[in-house]
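The values are calculated or read from the model by the stated rules, or taken from the named source; none is laboratory data. As the structure is a computational prediction, the values presented were derived from the model and not from experiment. Cβ placement follows ideal geometry from the backbone for every residue including glycine, while neighbour counts extend to all protein chains displayed. Only protein heavy atoms, including side chains, enter the accessible area calculation; ligands, DNA and RNA are left aside. Shrake-Rupley method; radii C 1.70, N 1.55, O 1.52, S 1.80 Å.
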Amino acid sequence: MTILTNRPSEFDLIATYFAPLSASEPGAFQLSDDAAIVTPPPGQSLVVTTDALVEGVHFLSSDAPEDIAAKLLRVSLSDLASMGARPASYSLAIAVPAGITSEWFKAFSQNLAEDQQEFAITLIGGDTVSTTGPLTLSLNAMGFVETGNGLRRNGAQIGDDIWVSGTIGDGALGLLVAKAELTDLKSSQSDYLLPRYRRPEPRLKLGLELLDRAHAAIDISDGLIADLGHICETSTVGAEINIDDLPLSDAAAAALSREPDLIDLVLGGGDDYELLFTAPSSFEPDVPSLKKRTETSLTKIGSITDTPSIRIFDQNGGEYSPVKKGFTHF
């Protein structure tokens, strides 16, 4: 991280960079009280999720503040999408090491303002503290869903089809590009993969559409195999998927053509923030219209089985066992 000087005081930071982000929510009181007051609309339940990003673990020290802000907010929005929730508000805590200044906070807060506008969400509170360790950020996002109607991981049923939105593997490959560890791609391919890692797209429209359609859903943060495993474990089912059916971007396909072993990273690297969900066969006729309404591609990659394991088949029908099965935080 670039070391800067001239950091303003905590209250100046709040007044200058964060209070304006709360202006559209009366219950935030422009961050002037100890807490906010949130009232769910009639018939709605509050959905809450928390994510933390740590420098050197979840983002690079060289990442720009606006990219850090985008990833921080969007990974939590992806959690809301996986529950079928509509975003409402968020709180933010930042542990700041020495050297971060007003220039950093200006860029960081400006990107939050842009994403608030795009995703219809508002800051309602938070905290800023100093730390002797790395830059650490935690975001608590809240949304609403019709009471009793949220998507869960635990509803997958034997015979369900397994679907995934967008393309898989771009986030993990984008990290390799950011670390200069994937250098034999065309510049256009690298330029595609980098923002897929730094600025994921939460599939909020799709999450809303999956209410009453999907049996189980999760966002792909830890890797396709790991997150499918979470669905299988909580639903007490198994799964079979086909490598040939995985949706790949042109950039990811090009990387795999040069280094076939990267398939493990595609399957288990994480940071895709696409939605992985199961649905009955009656869902498939709705797919063309859903693609148009959500502006998101949908691909069927396998099925739910009664065998408590995940089996992955290659193009020859043989079973494939990946070395990397997902990201772990510990």
The computed P(r) of the chain puts the percent of Cα pairs beyond 31 Å at 35
Let me check against my output: what whole-number percent is the relative contact order of segment 168-323, with C-alpha pairs under 8 Å and at least 6 apart?
36
In whole Å, what is the distance between the alpha-carbon centres of segment 232-256 and segment 73-138?
31
Residue by residue through segment 291-300, what is 3J(HN,Hα) from phi via Karplus (6.51 cos²θ - 1.76 cosθ + 1.60, θ = phi - 60°)? Round to whole Hz and write x for glycine and proline.
4, 5, 5, 9, 6, 9, 6, 10, 9, 7
Compute a Gaussian network model of the chain, connecting alpha carbons closer than 10 Å, and tell me which residue from F59, F313, F144 fluctuates the most.
F313
Which FRET efficiency value, to the nearest 0.05, do you get for F313 and L46 by plugging their Cβ-Cβ distance into 1/(1 + (r/R0)^6) with R0 = 35 Å?
0.30
Setting aside same-chain residues fewer than 8 positions from K106, which aspartates and glutamates have a Cα under 17 Å from its Cα?
E10, D12, D63, E66, D67, E114, D115, D127
Given a cut-off of under 8 Å on Cα pairs at least six residues apart, what relative contact order in percent is computed for the chain?
22
Nearest-0.05 FRET efficiency for K186 and T132 at R0 = 35 Å, using Cβ-Cβ distance, is 0.25
Working from Cα positions, state the angle (0 to 90°, nearest 10) between the long axis of helix 224-235 and the longest principal axis of the chain.
80
Would you look at the GNM of the chain, springs on alpha carbons closer than 10 Å, and say which of S78, S165, S102 moves the most?
S102
Which of rounded, prolate, oblate describes segment 116-177, given a ≥ b ≥ c as roots of the alpha-carbon gyration tensor eigenvalues and a/c under 1.5 marking rounded, otherwise prolate only if a/b is larger than b/c?
oblate
May I ask you to compute the full-extension gain from E295 to T234, defined as 0.36 nm times their residue separation minus their alpha-carbon distance, rounded to one decimal in nm?
19.0 nm
Helical contribution to [θ] at 222 nm, DSSP H n ≥ 4, -39,500 (n - 2.57), averaged over the chain, rounded to 500:
-9500 deg cm²/dmol
For segment 40-162 the mean separation of alpha carbon contacts under 8 Å (6+ apart) over residue count, i.e. relative contact order in percent, is 44
Considering only protein heavy atoms and a 1.4 Å probe, what is the carbon-and-sulfur percentage of the accessible area of the chain?
50
Over the chain, with neighbouring protein chains present, the accessible area per residue in Å² at probe 1.4 Å is 45
Calculate the length of the line joining the C-alpha centroid of segment 169-229 to that of segment 26-45, in whole Å.
32
Send over the per residue convex hull volume for segment 25-89, Cα only, as a whole number of Å³.
117
Output wanted: per-residue J couplings in Hz (rounded whole) for segment 48-65, from phi through Karplus 6.51 cos²θ - 1.76 cosθ + 1.60, θ = phi - 60°, x for Gly and Pro.
10, 9, 10, 10, 10, 10, 10, 4, x, 10, 10, 8, 7, 5, 8, 5, 6, x
Max mean-square fluctuation residue, GNM over the chain, Cα-Cα springs under 10 Å, options P20, P200, P42:
P42
